[in-house]
Amino acid sequence: MSRLLTIIIIITNNSLKFAVMTGCMRISKESIFTGFNNLKVLSITDERYDEYFGFTDMEVKNMLEYYGMEEHYEEAKSWYDGYQFGSVEVYCPWDVLNYCDKLKDHADSFPENYWINTSGNDAVKKFIQMSGNFKTKREIETLLAGEEIIKEATMSPLELKSGLSNA
């Protein structure tokens, strides 16, 4: 959704008293060009509202049961569970909804990463281009080839607070 349209919808809606926006990078919020003010930033470590950033395990079980797809629970769990906000583990809602939608029409559908093409990867592209580190580029190529690498992950306070991790 464009920034201008978002501003118009939120600011001019007399019926709207409170809005929750997700997926906003803190860096964007800090810009003088966002058009927003008085934002409350909650990071992935904050426990307030933590269960609302995705589907809980019980919600996924109930959804699958409602649609008569209980036999796909383990697949959904292994593919889409694993995000943690505060103290709650949640499922990626975009993936779960798309997977259930596909299963309605094709019961033998295999899970996919539906979120993968939902946003630009400009920050990642810039990081790769700016990286003079051959090892980093090689590791990214390895991942893109479908192989795995094993590393100990460390995050800066900025990465942790920005929500760029699903740790």
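Checking each residue in segment 11-28 for being modelled with pLDDT of 75 or more and either in contact with a Gly (Cβ under 7 Å, 6 or more places away or on another chain) or surrounded by 10 or more Cβ atoms within 10 Å (Cβ to Cβ) (or both) picks out 11, 13, 16.
Conditions tested, residue by residue: (1) at pLDDT below 85; (2) in contact with a helix residue (DSSP H, G or I) (Cβ under 6 Å, 6 or more places away or on another chain).
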position: 54; (1), (2): no, yes
position: 73; (1), (2): no, yes
position: 110; (1), (2): no, no
position: 132; (1), (2): yes, no
position: 138; (1), (2): yes, no
position: 156; (1), (2): yes, no
position: 161; (1), (2): yes, no
position: 167; (1), (2): yes, no
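Given the structure, is residue 62 modelled with pLDDT of 85 or more and either over 15 Å from the mean Cα position of the chain (by Cα) or exposed (fewer than 12 other Cβ atoms within 10 Å of the Cβ) (or both)? Walk me through how you get there before you give the answer.
Numbers: modelled with pLDDT of 85 or more: yes; either over 15 Å from the mean Cα position of the chain (by Cα) or exposed (fewer than 12 other Cβ atoms within 10 Å of the Cβ) (or both): yes.
Here the answer is yes, as residue 62 does meet what is asked.
Scanning segment 73-96 for residues that are in a helix (DSSP H, G or I), surrounded by fewer than 17 Cβ atoms within 10 Å (Cβ to Cβ) and not charged (D, E, K, R) gives 73, 78, 94.
Checked against the criterion of being open to solvent by 70 Å² or more (accessible area, probe 1.4 Å), at pLDDT 75 or above and hydroxyl-bearing (Ser, Thr, Tyr), the candidates 114, 67, 99 yield just one match: 67.
The values are calculated or read from the model by the stated rules, or taken from the named source; none is laboratory data. This is a predicted model, so every value here is computed, not measured. We place every Cβ from the backbone using ideal geometry, glycine too, and count neighbours over all the protein chains shown. Ligands, DNA and RNA are stripped out before the accessible areas are found, and what is left, the full protein with its side chains, is counted by its heavy atoms. Shrake-Rupley method; radii C 1.70, N 1.55, O 1.52, S 1.80 Å.
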